[in-house]
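What follows is a set of notes on a single structure, which appears directly below.
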Amino acid sequence: GQQDTLYVGCDSYVTGKTLGLGGVALWDGSEVVYLAATKGRTARVGDTGKGAYMEMISYGIPYMDGYVDISVRVDVVAKSRLATVTATELSGNKVMFVTGVNHHPGQKVTGTPGIISVWGPHPSGEGSFPIGAGMFYSEKLFQTSEKTDDMVRIISKPSSKVSVKIISASTKEAELNSAKRFEAYMNK
């Protein structure tokens with residue numbers, strides 16, 4: 001598929017057919033069901049009292065024997081490294097959500113229950129430098145955590161709503177600029 005890159009400060013976000021950091025899809029019991037909307041999408045961004053948000057709603061996603069409408073919202077708070085990603089089935093139907101953290105050859109992948117941490121060079125092209133990507137999740141909401149060839153994937157229990165917290169870092173910043181510092185932050 002097509003790959004797009006968005007550069008923000010010293011961070012870049014590469015999109016493609018992936019879940020990525022904070023990306024959400026559905027799980028049908030054996031494979032990923034991407035949020036392919038058959039009845040359209042809406043998206044909005046805005047300010048909150050403490051930060052900002054982005055929300056995208058995908059309508060008419062074929063899932064199991066019917067269709068579902070899924071909202072994925074990302075909230076950021078000023079002066080916080082963490083972003084909260086919340087996925088909701090808008091009619092209250094219980095679905096199985098899937099998310100996780102991608103990893104690439106040469107990256108160090110660590111995890112304990114409720115935490116996923118990846119550090120190392122990202123093969124995004126010119127100017128590649130080590131980055132960190134992490135996720136905090138509730139074991140009560142997610143039934144499966146597994147490392148695949150390209151990601152640490154977590155699959156939710158049937159639910160109408162799940163939430164995770166994500167974080168990123170890079171060698172180009174002062175605070176979390178090494179694998180050791182990033183892992184220490186993730187495990188505190």
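Observations
- Top-ranked residue of segment 33-42 - restricted to ones that are assigned to a strand (DSSP E or B) and either modelled with pLDDT under 95 or not hydrophobic (A, V, I, L, M, F, W, C) (or both), ranked as least open to solvent (accessible area, probe 1.4 Å): THR42
- One residue from LYS140, LYS165, LYS180 being open to solvent by 50 Å² or more (accessible area, probe 1.4 Å), out of contact with any strand residue (DSSP E or B) (no Cβ under 8 Å at 6 or more places or on another chain) and not in a loop (DSSP other than H, G, I, E, B): LYS180
- Options THR99, THR88: the member that is within 22 Å of THR148 (Cα to Cα), of a type outside the set (A, V, I, L, M, F, W, C) and at pLDDT 95 or above: THR99
- In segment 64-89, residue most open to solvent (accessible area, probe 1.4 Å) [restricted to those that are assigned to a loop (DSSP other than H, G, I, E, B) and not hydroxyl-bearing (Ser, Thr, Tyr)]: LYS79
- Enumeration of residues in segment 90-101 that are crowded, with 20+ Cβ neighbours inside 10 Å and either under 17 Å from the mean Cα position of the chain (by Cα) or of a type in the set (S, T, N, Q) (or both): MET96, PHE97, VAL98, THR99, GLY100, VAL101
- Picking from residues in segment 11-32 that are farther than 21 Å from TYR137 by Cα and open to solvent by less than 50 Å² (accessible area, probe 1.4 Å), the one that is modelled with the lowest pLDDT is VAL14.
- So GLY132, is it under 15 Å from the mean Cα position of the chain (by Cα) and crowded, with 19+ Cβ neighbours inside 10 Å: yes
- Of residues in segment 48-63 being crowded, with 18+ Cβ neighbours inside 10 Å and not aliphatic (A, V, I, L, M), the one nearest to VAL85 (Cα to Cα): SER58
- Taking segment 109-129 as the range and being open to solvent by 20 Å² or more (accessible area, probe 1.4 Å), under 17 Å from ILE166 (Cα atoms) and in a strand (DSSP E or B) as the test, the residues that pass are VAL109, THR110, GLY111, THR112, ILE115, TRP119.
- When residues in segment 46-63 are screened for being part of a strand (DSSP E or B) and within 26 Å of GLU175 (Cβ to Cβ), 5 of them pass.
The values are calculated or read from the model by the stated rules, or taken from the named source; none is laboratory data. Since the model is a prediction, treat every value here as computed from it, not as a measurement. No Cβ is skipped: glycine too gets one built from the backbone with ideal geometry, and neighbour counts run over all protein chains shown. Ligands, DNA and RNA are stripped out before the accessible areas are found, and what is left, the full protein with its side chains, is counted by its heavy atoms. Shrake-Rupley method; radii C 1.70, N 1.55, O 1.52, S 1.80 Å.
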